[in-house]
Amino acid sequence: MKVKTLKMIPFKILVALVLVIVLFPIFWMVAASFKAPLEFTTKPIYALPDGFYLKNYVDAWTIGNMSVFYKNSIIITASALVFVVVFAAMISFGLVKLRWKGSGLCMLMFSMGIVIPVQMVLIPLFTIYNKTGIINTKFCLVLTYIGFHMSLAIYLFAGYIRSVPDEILEAAVMDGCSVYTMFLKVIVPMMKSAAATVLVVSFFAIWNDLIFSMTFVSSTAHKTLQTGLLYFQNEFGNKEWGPIFAAITMVIVPTIAVYIVLNKKVIKGMTEGAVKG
């Protein structure tokens, strides 16, 4: 046991080193968000703040329009996630378990959507949105996120649904369940971990998106957090780093919170979907 413990020491040191490298930038950023303006010029960059200068957060929330950007990101992300999770679950069930003619081809088409480069569709989508009059609105972003994240969501759901034994569904049919009842009463309760996986993966991608929001939205009233941060320094003119760091902190906190809360379910959903039942 002692020999085994000694062998684990280098591994633990390596893990601790990687953890420090990963967490230190986050810690430094949060600490910098509480610095007063003079501390950025009179003290070393690595120095801790003298206190909690909360005016940085107030300025970021009001003068920097973070309140507007936050509201837009929440509305757009939540709307897209609801449709992605619900539609992808239903489509995956229909393609994997109902086995109708052409289901394999449809599954292949959805899977091919994963590898479509974002840059390839920017101009066609911009043209379509402009001609239909939905450019520079929240709706065009929601529609884009649903379309782009549906393929990966279906792929993840399908991998999990394949692991559900057919005997369970056959027993449900013998008990008089319709297709809709089978999906709602049998499949959905078993897909909580898979849904958490899809939710987290899609949330990170949508919440942190920049290219779509920057291309399709130009109005401040509809900008998301990532686009707002891109032009954030222009709101203050002379780059007030305190409010900038405060704004960045407010952006990354939701992603960290979602990961901490749903981390175990995501891992469970990935492992369950990888094992065929």
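Using the number of other C-beta atoms within 10 angstrom as an exposure proxy, rank Ile260, Ile76 with the fewest first. Could the numbers behind the result be given before it?
Values: Ile260 9, Ile76 26.
By the 10 Å Cβ count, ascending: Ile260, Ile76.
Once you've got the Cα coordinates, tell me which of Lys35/Lys55; Lys101/Lys185; Lys12/Lys264; Lys71/Lys138; Lys97/Lys264; Lys138/Lys239 are over 20 Å apart. Walk me through the numbers before you get to the answer.
On the way: Lys35/Lys55 10 Å; Lys101/Lys185 25 Å; Lys12/Lys264 22 Å; Lys71/Lys138 11 Å; Lys97/Lys264 27 Å; Lys138/Lys239 29 Å.
As for pairs spanning more than 20 Å Cα to Cα, those are Lys101/Lys185; Lys12/Lys264; Lys97/Lys264; Lys138/Lys239.
If you rank Leu262, Leu184 by fewest surrounding Cβ atoms within 10 Å, what's the result?
On the way: Leu262 19, Leu184 12.
Neighbour counts put them in this order, fewest first: Leu184, Leu262.
Specify the residue with the greatest mean-square fluctuation among Met250, Met107, Met120, computed from a Gaussian network of the chain linking alpha-carbon atoms under 10 Å apart.
Met120
Considering every Cα-Cα pair within region 107-266, what fraction, in whole percent, is farther apart than 22 Å? Can you show the working numbers first?
Values: 7457 of 12720 pairs.
Of all Cα-Cα pairs in region 107-266, 59 percent lie more than 22 Å apart.
Give the relative contact order (percent, whole number) for the chain; include only Cα pairs under 8 Å separated by 6+ residues. Write out the running numbers ahead of the final one.
On the way: 270 pairs, mean separation 86.5, N = 277.
Relative CO of the chain lands at 31 percent.
By the scheme Lys and Arg +1, Asp and Glu -1, what is the net charge of all other residues having a beta-carbon under 14 Å from that of Leu141? Walk me through the intermediate numbers first.
Details: positive: Lys71, Lys138, Lys223; negative: Asp209.
Neighbourhood net charge equals +2.
Taken together, the values in this text are just the output of simple stated rules run on the coordinates, not laboratory data. Note that the structure is predicted; figures quoted are calculated from it, not measured. Ideal geometry is used to build each Cβ from the backbone, glycine not excepted, and the neighbour counts take in all protein chains shown.
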